1. Only one of these is without any contact (Cβ under 8 Å) to a residue 60 or more places away in the chain, more than 7 Å from chain A (Cβ to nearest Cβ) and either surrounded by 23 or more Cβ atoms within 10 Å (Cβ to Cβ) or aromatic (Phe, Trp, Tyr) (or both): B:GLY281, B:GLY248, B:GLY227, B:GLY233. Name it.
2. For the stretch B:136-150, enumerate the residues that are in a helix (DSSP H, G or I) and in contact with a helix residue (DSSP H, G or I) (Cβ under 8 Å, 6 or more places away or on another chain).
3. I'm trying to understand the selection: among the residues of the stretch B:284-294, which are crowded, with 19+ Cβ neighbours inside 10 Å and away from every other protein chain (no Cβ under 14 Å)?
4. Counting just the residues of the stretch A:164-208 that are closer than 25 Å to A:GLY305 by Cβ and basic (Lys, Arg), which one comes out surrounded by the most Cβ atoms within 10 Å (Cβ to Cβ)?
5. Would you confirm whether any residue within the stretch A:166-185 is out of contact with any Gly (no Cβ under 7 Å at 6 or more places or on another chain) and among the polar types (S, T, N, Q)?
6. Quick check on this structure: which one of A:THR319, A:THR333 is modelled with pLDDT under 95, under 30 Å from A:VAL19 (Cβ atoms) and of a type in the set (Val, Ile, Thr)?
7. Condition test on B:VAL174, is it more than 10 Å from chain A (Cβ to nearest Cβ), within 17 Å of B:LYS329 (Cα to Cα) and touching a helix residue (DSSP H, G or I) at 6+ places or on another chain (Cβ under 9 Å)?
Protein chains: 2
Amino acid sequence: MTETMKRWVLARRPNGFPVDADFRLEEVPMPEPAEGEILVAVSHLSLDPYMRGRMDDVASYTAPQELDRTMGGGAAGLVIASRSDKFKEGDLAFGMFGWATHGALPASECRKLDPALSPSTSLGVLGMPGFTAWAGLEAYARMKEGETLAVAAATGPVGSMVGQLAQRKGLRAVGIAGGPEKCGLLTDRFGFDAAVDHRAHGSAKEMRAALAEVCPDGIDIYFENVGGPVLGGALPLMNLHGRIIICGMIAWYSGESDETGAIPLQKLWRLALVKRLTVQGLLQTDHVARFRDFAAEVTPLVKEGKIAYLEDVSEGFETMPAAFFSMLKGGNTGKQVVKV
Amino acid sequence: MTETMKRWVLARRPNGFPVDADFRLEEVPMPEPAEGEILVAVSHLSLDPYMRGRMDDVASYTAPQELDRTMGGGAAGLVIASRSDKFKEGDLAFGMFGWATHGALPASECRKLDPALSPSTSLGVLGMPGFTAWAGLEAYARMKEGETLAVAAATGPVGSMVGQLAQRKGLRAVGIAGGPEKCGLLTDRFGFDAAVDHRAHGSAKEMRAALAEVCPDGIDIYFENVGGPVLGGALPLMNLHGRIIICGMIAWYSGESDETGAIPLQKLWRLALVKRLTVQGLLQTDHVARFRDFAAEVTPLVKEGKIAYLEDVSEGFETMPAAFFSMLKGGNTGKQVVKV
């Protein structure tokens, strides 16, 4: 066992879009697992859009990331020491180890992983993003056969799960993604009914026209991952009794503004009343009690290949910040993972 | 039986706030009831905020009011001729007779009224407004004992019912109304836990401070009747998992704008996500299948005096437009009714 480990800390709060100098790589002493804890050698680290929000010093659904501390995040790897009955050395575990090569956590806060699957699946399709999609649909979507669902960032781990689960319930799934390659994946690999390239339709007006073409019966469920012009295009297409589930708004995380973001509240209020829309904020932590139900339902589907997923693996712990920036710009296709 | 009747028609579409010249009083032939219909001599006419919305030529949840036709609306009165088994002469009936002294409608579209109650109650506390309040809370409020509900236009027929029903479920009810007299009624007559005078707090910032004082635990349910600065004050006080039920926005019906109406969508989206709010548009027609449940529950409470209500009665059919303008400006205290 090495006596030190590596970690990334937040060196300062980003001013708008984050840059290299906002992070610092450190070598620190290896932690000792306390009674009831396990020590894990991380093999796969998760990068998620929510991490950007936590870098600002503002009240949100989680406390802000502290400066000079290990960047928070999920990770998976090999148990190399265990002081808990729940795990033994050689097991695979998921936990909130953060941006670090090693970590010690109470076994009760970690999840034992199925060795038949790559540990990386615990970060995406069978982890927080997949569960977010499942929980949001279960709790708020009121899906009915024949309805139309639209979702952006649709090759990503949340969006691709949303579309596939909706289709399994008999809905028409329309995916929005950036560029022809991702759009091809949406229809070919994930089986979406239609795909719209948001890079080819930069304004809300253009998005509206493009979406209208592939949503001839309007949109019943809009699963919000992005904000921006995609939302601007989807809003006027919402059907009577439509549901908007707000899961994220990556287009606005670094303080960006655009014509959709500036739409006056009065206009939305009128639309919500006239169409009797439901607008619902979603955070997966509200639904954790149902994680077991999700795992029981979706794990077999993943193993049998009935739910497809994509991972973008960036090689090397040193690549964490760069892979994070790339993800914020939509440079990833599927779940963004870093392999140590 | 007279051979003519009177009616008000919409002479032209209002430009902003409506004026006298937008309406025209006409004398027209008395209708003959067809087979299955009843003829009613109207005694009480309803005036409701939604009528303003219908005067514009824009898509809304109902078709726009047609020009030169009888203004639409609910009314109640005496059956003076019946060609239906459901009603006999001398019965009391409610129906959508519009702004007219008489009307013929299919009996199946009319409701027989309890002679122990004034027909005016069918327009307010036991009619569409009371049902709106009941249905909105039943379907969307997820009320829990000890929570705080805030509602504006709170002496009105929707707001006063909302507050009283919430209190019956063990919630704290905070009412917002214009002027000290209405606020006194809220606490004294309707039993609200607290009242806030929106005329004494004209900006969203002032409303926020005034609401914060009487909502020390924040707001769990905001029942939206008004929009404007009241909404602007309530939004930042919404608790985690708060519910906003959008029933109306009288402050904005005639095209008014203000700082709250101009709040950028991006800010609301972020608030909805961080607080996991539910924002829900409400229209009572979606819930009509439950009108019987409402009547069965609330009629006894009204008869026993356990649900209080107020009516503002304007005397004379000729006063319809003036009473309507007054209501739009908040000149009424309770349900605005016109007595023929």
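The values are calculated or read from the model by the stated rules, or taken from the named source; none is laboratory data. These figures come from a predicted structure and were not determined experimentally. For neighbour counting, all protein chains shown are included, and Cβ atoms are generated from backbone atoms with ideal geometry for every residue, glycine included.
1. B:GLY233
2. Here is the first cut: in the stretch B:136-150, the ones in a helix (DSSP H, G or I) are B:136-141.
Scanning the stretch B:136-150 gives B:GLY136, B:LEU137, B:GLU138, B:ALA139, B:ALA141.
3. The one that is crowded, with 19+ Cβ neighbours inside 10 Å and away from every other protein chain (no Cβ under 14 Å): B:PHE294.
4. Across the stretch A:164-208, the extreme among qualifying residues is A:LYS182.
5. no
6. Answer to the check: A:THR333.
7. Values: more than 10 Å from chain A (Cβ to nearest Cβ): yes; within 17 Å of B:LYS329 (Cα to Cα): no; touching a helix residue (DSSP H, G or I) at 6+ places or on another chain (Cβ under 9 Å): yes.
So B:VAL174 fails the test.
Residue-by-condition table, conditions (1) surrounded by fewer than 22 Cβ atoms within 10 Å (Cβ to Cβ); (2) over 24 Å from A:GLY281 (Cβ atoms):
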position: B:SER257; (1), (2): yes, yes
position: B:THR260; (1), (2): no, no
position: B:ARG276; (1), (2): yes, no
position: B:PRO300; (1), (2): yes, yes
